[in-house]
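Here the structure comes first, spelled out in structure tokens, and everything after it is commentary.
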Amino acid sequence: MEEINNVCNVQSEIMFVGSLYKSPDLYVTYGNFMRPQYDFSDEVVYFFYKCLETYYLKFSQTVDETKLNVFMSQDAERMSNYKKYHGWKTISEFMRLADTNDIKNYFDTVKKYSLVREYGRNGYPVDKILAHKNFDKMTANDIYRVIRAKADKIHTVINAGEEAVELTKGNADQIKRYLKKPNFGLPYPWPMYNEFFLGMREGKTHFEGFISNGGKSRKLIALAAYVTLVQHKNFLLMSNEMDEDDLKNCMIVTVINNKEYQELHGIKIKKPEREIVLGAYRDRNGEIIRRHIDENGIYTESEEEYIERVERDSDEYHKIVQVGEWIDENTKGKLLYKDVQDDYSMERIEFELRKAKLVNEVTYYGYDTLKNYQVEDWAQLKQIATKLKEITKELKMFGFAVFQLSDDSKFTDVFQLSSMNIASSKGIKHVTDTLTLGKMIEKSEYHKYQMICDTPGWGDPTISDLDLGKQYFAIKIDKNRAGSKDKIMLFEINLDYNTWINIGQLIQRQK
């Protein structure tokens, strides 16, 4: 056994852990593949790795001496070992030796020796492995392929590999399991989405395309608000188009005007986004309170005086502020926003998703907008969509990504929308679990359609004409692995209020 324990490369272990302390976000890439009880032969390196793991996930994502000392002091046994192993002095030396650009090489070496040690513990003569003429160039997977015999179980434990599943077993048990827990995900805020897509299911992606300026970002924010404030789940919203102020404004308007939030915060009021961003509030007579000016348009009232008058004379203002405070209180730690306009490459998106899952336990995310990064290449967008689907499945998350339809889709009848209308790459349809395409219906076209709406209580659904006094938005199901396709869902919308009310199904006018 002593011979086995001597099969190690402590230098690589030190430089791997030193790289993590030097650049903690590297843990997002490598942490999921580490099995520290097997991978580290040196107890000091093992200790500092375990500390970094807990520190990154539970305490902070940046490392400095002061914060690390505070973290260590929170546990007596941990602090004792920290002092025993010379604390920050040892970590500093690890960091000095490490080159973060070489962390992949450190990782491969650590995993290789880890696998060899485990073979030894299971009776395989390690000297045969070490004597292999290409051992220095081999990775852990290379060693597995060479040895093969007796390897399956060890490889699975150390290398996190997956064995093939036999589909002819356990089917009856699976049927019974669905009785206890139906395969239905977290509910959407829109009834027909739940009916057709079975909710937001982990491991699934939903891609949704609208024409430019059609409301795709606003609808995504409505979804994020619902997940966090109504369903009380964590949500990551990534955007390469809207900045933080735009998103906050839309979130505020969404929570003010939609009834599902009004029932929670208790304030029944309507307020368009334009008035909020302009700071326009009404007095008790319904008149907009304006800052005093003279005949030349020069302010005669200071900012402080104007604000004091608004606070004194506007009940509306106090209600809006109260809603804002309710949002702050109820989204703490639940709604995460990441501006990725500077870099929305697939590597960056993958990093943000892994970090959100590891650190913040996020299961649901939204991405605005799915498009190529810098290169206009249709094939590349399909590769990005494929990678997004793979990561979502691996991390057991649910992803809702929006994209833009081609400009000529504005002139395409909603019943004729298809993946051919996707501006960047129709191939993304092949990748996703669900694909929906939508557009606002022009009032000049209302005569072409009718709607089927469920009637409350008993009775069959009714067919009726579209109301010229309302604005409608139609969303076509172009792909659905959960069931129905080629349905047109109808929404009554108001983008000023960011209300998306799913009222029924759109049909072509009956002759």
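Bear in mind these aren't lab numbers, they're just calculated from the coordinates by the rules spelled out. Values in this document were obtained by computation on a predicted structure and should not be read as measured data. Heads up, the Cβs are rebuilt from the backbone with ideal geometry, glycines too, and the neighbour counts pull from every protein chain shown.
Quick one: if you stick a label point 7 Å off each Cα along the C-beta vector at Leu57 and Ile501, how many nm between them?
4.6 nm
Separation between the Arg312 and Glu445 pseudo-spin-labels, each 7 Å from Cα along Cα→Cβ, expressed in nm?
Those two pseudo-labels are separated by 5.3 nm.
Note down the magnitude of the dipole of segment 199-438 about its Cα centre, charges +1 on Lys and Arg C-beta and -1 on Asp and Glu C-beta and zero elsewhere, to the nearest 20 debye.
On the way: 35 positive and 43 negative charges, 309 e Å.
Using only the charged Cβ atoms, the result is roughly 1480 debye.
Give the peptides 305-312, 32-39, 434-441, 496-503 in descending order of average Cβ contacts within 10 Å, highest first. Walk me through the numbers on the way to the answer.
Working: 305-312: 14.0, 32-39: 15.6, 434-441: 22.9, 496-503: 18.6.
Ranking, from highest mean packing down: 434-441, 496-503, 32-39, 305-312.
Show me the ranking of peptides 187-197, 279-289 by mean Cβ neighbours inside 10 Å, starting with the highest.
Most protected by this proxy first, the peptides run 187-197, 279-289.
For Lys133, give me every one of the lysines with a C-alpha distance below 25 angstrom, ignoring sequence neighbours fewer than eight places off in its own chain.
Answer for Lys133, where 25 Å is the Cα cut-off: Lys104, Lys111, Lys112, Lys150, listed by chain and number.
Per-residue counts of other Cβ atoms within 10 Å, averaged by peptide: what ranking do you get for 109-118, 72-81, 232-241, 411-420, highest first? It would help to have the intermediate numbers written out before the result.
Details: 109-118: 23.2, 72-81: 12.8, 232-241: 20.3, 411-420: 15.5.
Order by mean packing, descending: 109-118, 232-241, 411-420, 72-81.
Given charges of +1 on the Cβ of Lys and Arg and -1 on the Cβ of Asp and Glu, with all other atoms neutral, how large is the dipole of segment 176-323 about its Cα centre, in debye to the nearest 20?
1640 debye
Let me know the charge dipole size of the chain about its Cα centre in debye, to the nearest 20, where only the beta-carbon of Lys, Arg (+1) and Asp, Glu (-1) is charged.
2420 debye
For the chain, what are the per-bin percents of Cα-Cα distances with bins 10 Å wide, up to the bin holding the maximum?
Final binned percentages: 3, 15, 20, 21, 18, 12, 7, 3, 1, 0.
What number, rounded to the nearest 500 deg cm²/dmol, is the helix-based mean residue ellipticity at 222 nm of the chain, given -39500 (n - 2.57) per DSSP H run of at least four residues and division by all its residues?
-13000 deg cm²/dmol
How charged is the neighbourhood of Ile103? Take every other residue with its Cβ under 13 Å from the Cβ of Ile103, and add Lys/Arg as +1 and Asp/Glu as -1. Don't skip to the answer; put the middle values down first.
Numbers: positive: Lys22, Lys104, Lys111; negative: Glu13, Asp25, Asp99, Asp102, Asp108.
Neighbourhood net charge equals -2.
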